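Everything below concerns the one structure shown next.
The values are calculated or read from the model by the stated rules, or taken from the named source; none is laboratory data. If you're wondering where the values come from, they're calculated on a predicted model, not measured in any experiment. With ideal geometry, Cβ positions are generated from the backbone for all residues, glycine too; neighbour counts draw on all protein chains shown.
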């Protein structure tokens, strides 16, 4: 166990020097903090896809055809869907933090509800965007 000491540095232990993951209860809000970081990291690499698309569009028909081929493949579709989810999830997480910045939503039930709403909302909106995209391009080719 971690060494503990009083605030004055002597006497009986009052609290641990630093909280550890073994002390915390795993909660949805705790997981959402990790998801927010992961989606931010994913957005960084997803932006490379966006840059590739813009460069391909500016480079001419051959370069754009290569991008279209990749984005139409299974891996390309999977990456675009993941990028869409990361973008929406990160945005909803930002809105959750904006609500917290107003001083609201800090109660235990409110925190859990906002976390669950972020997950459900991001998955729902991602499926809506994917469905609209699928219908816009004319279904399976």
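For the range 98-120, how many residues meet the condition of being in contact (Cβ under 8 Å) with a residue 40 or more places away in the chain and within 25 Å of residue 46 (Cα to Cα)?
Number satisfying all stated conditions: 4.
Test each condition in (1) modelled with pLDDT of 90 or more; (2) more than 14 Å from the chain's Cα centre (by Cα) for residue 45 and report the one that comes out false.
(2)
Within the range 52-75, count every residue that is under 24 Å from the mean Cα position of the chain (by Cα), surrounded by 15 or more Cβ atoms within 10 Å (Cβ to Cβ) and either at pLDDT below 95 or more than 25 Å from residue 40 (Cβ to Cβ) (or both).
Number satisfying all stated conditions: 1.
Out of 49, 123, 79, which single residue is part of a helix (DSSP H, G or I), in contact (Cβ under 8 Å) with a residue 12 or more places away in the chain and closer than 17 Å to residue 28 by Cβ? Break it down stepwise before answering.
Values: 49 fails: closer than 17 Å to residue 28 by Cβ; 79 fails: closer than 17 Å to residue 28 by Cβ.
Step by step, each of 49, 123, 79 is checked, and only 123 is part of a helix (DSSP H, G or I), in contact (Cβ under 8 Å) with a residue 12 or more places away in the chain and closer than 17 Å to residue 28 by Cβ.
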